[in-house]
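**Q** I have a structure I would like to understand better, so I am pasting it below and will then ask my questions one at a time.
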Amino acid sequence: MAIQNLIISNLLGFKRINKVIHGNNKKANEGHSVFNDFEFKFEDGINIFIGENGIGKTSILKMIYAATKCSFKKNNPGKDIRLIDFFSYGLNDSDLIGNRELEDSSAFFYISDGEHEFRYNILDKGVIEEKGWVGLNISAIYIPAGEMLSHSKGFLALNSKYKLPFDEAQIDIIVNASLPETREIHPCMETILSTISEAIDGEVIQENDDFYVLKKNGKKILFSLEAEGFRKLGLLWKLIRNGLFENGSILLWDEPESNLNPEMFSLIAEILLALEENGVQIFIATHSYNLAKYFELRRKRKNQVVYHSLCRSNAIYDFAVSKGERNMSLDKSFYLKDIGNNSMMMADEALLDEAFDKDLAD
Amino acid sequence: MVLKGIYEDENHRTEFDFSYAVNVFEPHGIASRHSEYISDVDFVLESKDEIIFIEYKNVSIAEAHNQGAFIEKIKNGNLTKVLIKKFFGTLLIVLMTNRNPHKKPIVYSCVIEGGKKIDGVMMKKLRNKVRSGLPFDYEKIRDVEVPIIDRFELMSISDWNSKYSQYPIRMK
């Protein structure tokens, strides 16, 4: 099982564009309207989202994650599980993430594995349509950009009683990390675990709701006292040790680079490439050129790595949702070099240009 | 038959149309005598206003393993050293042969197609490293009376063709 398609329509920043297509006669009143939705075609391997802040990378990860949660019958999608809770804490009104500005007022995201389909219509209380999706039981892990395990003490007990100011994805990561470890470890995962263990100089344990890194010298470091970069790697270690990355599962990781020393980026790329080789479909959102580049450089023939670039289009549409508003354009490429209008690389290049110009001036 | 002012790379895959240049000189004949010690660029082109040292490298048409080797050369700094040495060697040859009697400013231009994996950021990192090893400060030395280097640029074929459209480089 792998997610193959995502279509987003008129949701958050992904506003539908009402383009007027003209025939040979270019008089404006003789055109007809075509609505453009945003369609992503994913690879079975590693899908990397790049794009400036606020463009919707995290939302895409959350849409995929929310859809996977709805693949479990026990979650009673649409009733026990409210999809808007995955986007932000305390959203009571779906209209906050959908856009009502267009005449047809539809706003949805659609996800498919090529065979089964899931569609969530955001507006009007949220209606779920699906074709064979519920019952697929897609195992997915979402790692948020902010570290959560430091808050684990009593968290789950509190969460079951009170409404805590965290979205579902943030809560789930504590749930997943708190699961018991598997009796046996798959041999290929053993290698990955020992690689991470080497980097954090130990293993992750949980005692009385608290997570610790048990160092090789026997010292226990409380998660909140551990360096945040190590916490990030430690979380990954624990999730793997809990047997959550089986063949056919999905990992969604928002900004793996946050709080991580850049010298760790190659390690992260190696770990994720190894997971991908073992049948895990991976989606990451990143702002780091270095991290993104490591995937390009370290991938082997058998690895599938693709970049999905989201950027604000230079075209200003007369017939966009709000007149004069800049909309988004999508680009997909197997090489960073081939992505046009790549804000992440442009920032690095601007710095290098400044260094070059400054050097000349000195 | 190759027309006057039209040059080819050694693999006959690229054509350099320098027919509008004031003069073009291939320094390799001289450098080959001491190739162990002197490196040189592919062409020295004299335009109306400048002397341009042109070094051309195209890895995108090479085998995949060569592209890997090229990345390794960038990583270990060998390519930086090679490009800097080529400048110094060519400068020596130009001075020895009095190819710049009118003391035109010298521009060093590396035209590199590095393949799919060499993106804009990597090109600019390489550019900055090479630039830091070039003798931009020599002309400040009191006894130096000839132009040494005025400008360094590292670019793709497409950038070259935009900037120097009168001297186009074409893939055959």
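Any read-out appearing in this document is the output of simple, stated calculations on the displayed coordinates, not a laboratory observation. What you are looking at is a predicted structure, and each value in this text was computed from that prediction instead of being measured. Cβ placement follows ideal geometry from the backbone for every residue including glycine, while neighbour counts extend to all protein chains displayed.
**Q** Would you please name the chymotrypsin sites (Phe, Trp or Tyr not before Pro) within region B:1-109 that are DSSP coil residues with at most 15 other C-beta atoms within 10 Å of their C-beta?
**A** Sites meeting the loop and neighbour criteria: B:Y20, B:Y37.
**Q** Using amide H atoms built 1.01 Å from N in the peptide plane, name the residues 5+ places from B:G115, or on other chains, whose amide H lies under 5 Å from its own.
**A** Those qualifying (amide H under 5 Å, at least 5 residues apart or on another chain) are B:V59, B:S60.
**Q** From the phi angles alone, apply the Karplus equation (6.51, -1.76, 1.60; θ = phi - 60°) to region A:141-151 and give each ³J(HN,Hα) in whole Hz, x where the residue is Gly or Pro.
**A** Coupling constants for region A:141-151: 10, 10, 9, x, 5, x, 6, 10, 5, 5, 9 Hz.
**Q** Apply the Karplus parameterisation 6.51 cos²θ - 1.76 cosθ + 1.60, with θ equal to phi minus 60°, to every residue of region A:201-217 and state each ³J(HN,Hα) to the nearest whole Hz, in sequence, with x for glycine and proline.
**A** 6, x, 10, 9, 10, 10, 9, 6, 6, 9, 9, 9, 9, 8, 6, 4, 7
**Q** Next up: For A:G243, enumerate residues with amide H under 5 Å from its amide H, sequence gap 5+ or separate chain, H modeled in the peptide plane.
**A** Amide H neighbours of A:G243, under 5 Å, 5+ apart: A:T182.
**Q** Separate question: Looking at this model, which pairs from B:K57/B:K163; A:K57/A:K232; A:K161/A:K232; B:K75/B:K124 are more than 24 angstrom apart at the alpha-carbon?
**A** As for pairs spanning more than 24 Å Cα to Cα, those are A:K161/A:K232.
**Q** Here's another thing I want to ask about it. What residues qualify as long-range amide H neighbours of A:Y142, i.e. H under 5 Å apart, gap of 5 or more or another chain, H built at 1.01 Å from N?
**A** Result for A:Y142 returns A:L252.
**Q** Considering only A:F49, A:A269, B:S162, whose Cα is most displaced toward the positive end of the charge dipole of the protein assembly as shown, charges sitting on Cβ of Lys, Arg (+1) and Asp, Glu (-1)?
**A** My answer, from the dipole projection, is B:S162.
**Q** 222 nm [θ] for chain B, helices only, -39500 (n - 2.57) per DSSP H run of 4+, per residue, to 500?
**A** Value at 222 nm, helices only: -9500 deg cm²/dmol.
**Q** Just want the ordering: B:K81, A:K161, A:K15, B:K104, from fewest to most Cβ atoms lying within 10 Å of their own Cβ.
**A** A:K161, B:K81, B:K104, A:K15
**Q** Are any of the pairs A:K215/A:K302; A:K302/B:K73; B:K4/B:K73; B:K85/B:K117; B:K4/B:K104 more than 31 Å apart by Cα-Cα distance, and if so, which?
**A** Check vs 31 Å cut-off fails for A:K215/A:K302; B:K4/B:K73.
**Q** Okay, moving on. May I ask you to evaluate 6.51 cos²θ - 1.76 cosθ + 1.60, the Karplus curve with θ = phi - 60°, for each residue of region A:273-283 and list the ³J(HN,Hα) values in order in whole Hz, giving x for glycine and proline?
**A** Values, residue by residue: 5, 5, 5, 5, 4, 9, x, 8, 7, 10, 10 Hz.
**Q** To continue, here is another question. Let me understand region B:6-171 better: what is its radius of gyration from the alpha carbons, and its Dmax, in angstrom?
**A** Every Cα atom of region B:6-171 included, Rg and Dmax give 15.6, 48 Å.
**Q** Please report, in debye to the nearest 20, how large the charge dipole of region B:6-171 is about its Cα centre when each Lys and Arg carries +1 at its beta carbon and each Asp and Glu carries -1 there.
**A** The calculated dipole for region B:6-171 is roughly 640 debye.
**Q** With 10 angstrom as the radius, rank A:D254, A:D331 by how many other C-beta atoms surround their C-beta, starting from the fewest.
**A** Ordered by Cβ neighbours within 10 Å, fewest first: A:D331, A:D254.
**Q** Taking only Cα atoms and a 10 Å spring cutoff, compute GNM fluctuations for chain B and point out the largest among B:D40, B:D49, B:D150.
**A** B:D49
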